[in-house]
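Quick notes on the structure that follows.
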Amino acid sequence: FFDSGFRIVWSKDKVEEGKRDMLENLQFLEGALKEMSAGGSLPFFGGKDFGFLDIAFIPFACWFHIYETIGNFKIPFDSEYPLLDAWVKRCLERDSVKKVLPSPDRALEHILQLRERYMVG
């Protein structure tokens with residue numbers, strides 16, 4: 001997942017490849033969430049409790065806006081990844097998550113500043 005996001009954000013010639021891989025990775029996560037949450041009837045990757053996989057993956061939620069903006073595409077959460085979309089929304093309602101994740105706009109602003117400073121050509 002990290003590699004595809006890296007190509008979208010930091011590569012000039014591998015953005016399309018990164019977007020394709022990103023969507024494949026999201027499809028994999030959608031399937032894993034379906035399997036691990038009893039078909040989507042349980043709220044988290046581990047079932048009814050917010051656990052390790054949720055903690056490990058939720059930081060990527062603030063990156064989705066970055067990937068979409070820099071990659072100039074829209075991740076079809078509603079149509080292709082509805083369980084993942086619902087999971088992100090549930091996680092973002094948790095106080096423990098709200099306190100540590102930056103807003104998607106703030107994260108994008110920071111990454112755009114870094115790209116301006118460090119990307120050549």
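The set of residues in the stretch 60-76 being farther than 14 Å from residue 26 by Cα, open to solvent by less than 50 Å² (accessible area, probe 1.4 Å) and of a type outside the set (A, V, I, L, M, F, W, C) consists of 71 alone.
Exactly one condition in (1) closer than 17 Å to residue 2 by Cα; (2) hydrophobic (A, V, I, L, M, F, W, C); (3) surrounded by fewer than 17 Cβ atoms within 10 Å (Cβ to Cβ) is not met by residue 26; state its number. Exception for residue 26: condition (3).
Annotation: residue 79 fulfils all but one of (1) small (Gly, Ala, Ser); (2) surrounded by 13 or more Cβ atoms within 10 Å (Cβ to Cβ); (3) in a helix (DSSP H, G or I); the unmet one is (2). Taking first residues from the stretch 76-89 that are within 18 Å of residue 59 (Cβ to Cβ) and partners that are aromatic (Phe, Trp, Tyr) and not in a helix (DSSP H, G or I), the Cβ contacts under 9 Å between residues at least 6 apart in sequence or on separate chains come to 87/44; 87/45. The condition (being surrounded by fewer than 17 Cβ atoms within 10 Å (Cβ to Cβ), in contact with a Leu (Cβ under 9 Å, 6 or more places away or on another chain) and within 22 Å of residue 8 (Cβ to Cβ)) is satisfied by just one residue among 32, 56: 32.
Note on the stretch 35-50: residues that are touching a strand residue (DSSP E or B) at 6+ places or on another chain (Cβ under 9 Å) and surrounded by 13 or more Cβ atoms within 10 Å (Cβ to Cβ) amount to 3. Assessment of the stretch 37-44 against the conditions (in contact with a helix residue (DSSP H, G or I) (Cβ under 8 Å, 6 or more places away or on another chain) and among the aromatic types (Phe, Trp, Tyr)) yields at least one matching residue. Scanning the stretch 2-16 for residues that are in contact (Cβ under 8 Å) with a residue 12 or more places away in the chain and surrounded by fewer than 15 Cβ atoms within 10 Å (Cβ to Cβ) yields a count of 3. Across the stretch 87-117, the number of residues qualifying as open to solvent by 40 Å² or more (accessible area, probe 1.4 Å), part of a helix (DSSP H, G or I) and either small (Gly, Ala, Ser) or closer than 22 Å to residue 7 by Cα (or both) comes to 12.
The values are calculated or read from the model by the stated rules, or taken from the named source; none is laboratory data. Everything quoted here is computed from the prediction, not taken from an experiment. Backbone-built Cβ (ideal geometry, glycine too); neighbour counts: all protein chains shown. Accessible surface areas use protein heavy atoms only, side chains included; no ligands, DNA or RNA. Shrake-Rupley method; radii C 1.70, N 1.55, O 1.52, S 1.80 Å.
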